[in-house]
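Peer 1: Dumping the structure here so I can ask a few things about it.
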Amino acid sequence: MNDMAVEGVQAPLGADLASVAFGPHHAAVRWSDGARTGSVEQIVSFVGELEASHRPRWVWWAADPHAVPLVSAGLVLGRCWDLAEAHRILAGGWEADPGHVWARAHGLDPAAAPRPTAGDLFDFTSPTEPGLTSSAAAAGPTRADGHLRREVLSPDFLRTPDGVSTVADLALRAAVAQRILLAQQHTRAVSTAYSESAAALLCLELSRDGLPVHRQTLESLIAAAAGPRPESERHAMEIRRERDLQVLRHVPGRESTDLRNPVHVRELLRAVGVVVPDTRAWRLEPFRATHPLVEALLQWRKAERIATTYGYSWLTAHVGPDDRLRGGWTACDGAAGRMTAQNGLHNLPAPLRPAVAAHPGHVFVRADLGQIEPRVLAAVSGDRRFAAAAQSDDLYAPVAADLGVDRPVAKVAVLAAMYGQTSGPAGEALRGMERSYPVALAYLRSAADAGAAGRAVQTYGGRRVPVPTSDTPAGRAAHGRFARNAVVQGAAAELFKAWAATVRLAVAPLGAQIVLCLHDELLLHVPLEHSAEVAALVTSCLDDAARRWTGSRDVRFVADTSIIERWSDAKP
């Protein structure tokens, strides 16, 4: 492997790549001029040695499952190429099974790609009958038309040394083809594939490590909202009834009302003079002072959500004996590309946040990107005047000066531009944006026109975002608004993941871990003695990632970074 390239140095195509494939008992590594096959344990050890000596870019069909043994072993891999994530950039959407990945990478008709008969490369533990590997080995892994053979997609294929070796070889070939296609599709798409792949690897680490919590605090907060832990089903019904009565006591004679039925709740509200078309919380907020029932109902909803979704069953199922909240993570939501998480990691109710607490000897370093989407718009549109406004700590202040309006109006104008709001005060503010920042608005208008016509749009990093067609004016307008926002939100997600990937490697030698990625926010669990150094690194990594991502320093990106003991300590 002496010819393996260092990034930035000319080398044979794919010379910097090393692919891995794992089955239940066997695994394989493949690189440009060599291969190694062995047990799972042997290959995990070999990957660690190769990472230390050559630092290749690791290739796999998908991080889950093919990087799971490596992450479970505690290896910190520097660079990777995830075929599924790269495919999602090329094709858009979520579907990224190996048959389609191979077809797209090699210019084949995806509709002709074979479907696995039972499971696929992402589910190698599914039971199937043995004997498929030999036929594929005799005929080769691809059909006459270039598509992968169905046998290769079978989970049984990964049960033999020859099978995992073939899958690793196919992964290496697919990565080379994908990299060529991405470079042809968009100037930044290869770099985006690097950071998206790193984000998929980070997702495995997030799932493994979990979010630190203080169990006693969490239990007491649940109890405060939902009552004590039920001792029986009858006790649970009594607690639920008592919670309901805290609302129904404000309307004597209606104690039989079902608060979980929106129709019944609307009737209850109408009885006290509150007439609303629906019972959403934001709809009821303006009526808090109208009648005590409204305030009681809003408080009941918060308690009910904790009781039913984040109660004792949730705590038992998802908080481990090491006091870590765990859930599955994905690097791309299948739309514009945001990271997603399960089990409350992305939507933990605010009343429970005090329980997210650093473990002894540690603190959190929390960093939240400021005004990220407007700053991204300034960068991706190339509007120099808007970029100049983004040099300020508060982007909305210079925008307000440019528009000749107050700051709140300026903020409305910027949000109206990105989200396509054209009526009321937002419409007048938007016209001011058109005059002051025509290049940024033209960029958004172009995306909206494409979306209204049902044409796919591309993010700044080259991700294809499909948009459906519509036969109605309302549908076309909605698709236009979606596309207008997707090019900004998608680019913001790309920058965020490039930042997170940079932080991940920078802080690892200090024993720090990213434990939460929430939209535009990073939360790191850090040894107390390294907290100041990690906080500084998080900020410098943002500067580095933004400079690489935009190719300039024309737009300034900022983060509010703090060192805290509990997540709730962070300022809003």
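The values are calculated or read from the model by the stated rules, or taken from the named source; none is laboratory data. Nothing here was measured: the structure is a model prediction, and the numbers come from that model. Glycine also receives a Cβ, built like all others from the backbone with ideal geometry; neighbour counts cover every protein chain displayed.
Peer 1: Looking at 142, 128, can you tell me which residue is touching a Ser or Thr at 6+ places or on another chain (Cβ under 7 Å), modelled with pLDDT under 95 and either surrounded by fewer than 20 Cβ atoms within 10 Å (Cβ to Cβ) or outside the structural domain of residue 30 (by TED's automatic domain parsing) (or both)?
Peer 2: Criteria check complete, one pass: 128.
Peer 1: I'd like to know if region 182-189 contains one or more residues that are under 30 Å from residue 515 (Cα atoms), of a type in the set (S, T, N, Q), part of a helix (DSSP H, G or I) and touching a residue at least 12 places away in the same chain (Cβ under 8 Å).
Peer 2: Within region 182-189 (the criterion being under 30 Å from residue 515 (Cα atoms), of a type in the set (S, T, N, Q), part of a helix (DSSP H, G or I) and touching a residue at least 12 places away in the same chain (Cβ under 8 Å)), the answer is no, since none of the residues qualifies.
Peer 1: Continuing with this model, one more query. Would you say residue 406 is outside the structural domain of residue 519 (by TED's automatic domain parsing), farther than 26 Å from residue 188 by Cβ and at pLDDT below 95?
Peer 2: So residue 406 passes the test.
Peer 1: Report yes if some residue within region 307-324 is out of contact with any helix residue (DSSP H, G or I) (no Cβ under 7 Å at 6 or more places or on another chain) and of a type in the set (A, V, I, L, M, F, W, C); otherwise report no.
Peer 2: Yes, region 307-324 contains at least one residue that is out of contact with any helix residue (DSSP H, G or I) (no Cβ under 7 Å at 6 or more places or on another chain) and of a type in the set (A, V, I, L, M, F, W, C).
Peer 1: Here is a follow-up. In a loop (DSSP other than H, G, I, E, B), closer than 30 Å to residue 527 by Cβ and in the same structural domain as residue 520 (by TED's automatic domain parsing): is that true of residue 345 in this structure?
Peer 2: For residue 345, the condition - in a loop (DSSP other than H, G, I, E, B), closer than 30 Å to residue 527 by Cβ and in the same structural domain as residue 520 (by TED's automatic domain parsing) - is met.
Peer 1: Look at residue 242 and say whether it is touching a Gly at 6+ places or on another chain (Cβ under 8 Å), closer than 19 Å to residue 300 by Cα, in a helix (DSSP H, G or I) and free of Cβ contacts under 8 Å to residues at least 24 places away in the same chain.
Peer 2: Answer is yes for this residue.
Peer 1: Scan region 532-549 and give yes if some residue there is modelled with pLDDT under 95, more than 19 Å from residue 378 (Cβ to Cβ) and surrounded by fewer than 21 Cβ atoms within 10 Å (Cβ to Cβ), otherwise no.
Peer 2: Among the residues of region 532-549, not one is modelled with pLDDT under 95, more than 19 Å from residue 378 (Cβ to Cβ) and surrounded by fewer than 21 Cβ atoms within 10 Å (Cβ to Cβ), which makes the answer no.
A quick yes/no check of all residues on (1) over 30 Å from residue 454 (Cβ atoms); (2) of a type outside the set (Asp, Glu); (3) touching a His at 6+ places or on another chain (Cβ under 7 Å):
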| residue | (1), (2), (3) |
| --- | --- |
| 485 | no, yes, no |
| 501 | yes, yes, no |
| 512 | yes, yes, yes |
| 524 | yes, yes, no |
| 537 | yes, yes, no |
| 549 | no, yes, no |
| 556 | yes, yes, no |
| 561 | yes, yes, no |
| 570 | yes, yes, no |
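Peer 1: Another one. Would you check if residue 493 is farther than 21 Å from residue 86 by Cα, in a helix (DSSP H, G or I), touching a residue at least 24 places away in the same chain (Cβ under 8 Å) and of a type outside the set (Val, Ile, Thr)?
Peer 2: Taking the combined requirement at face value, the residue does not satisfy it.
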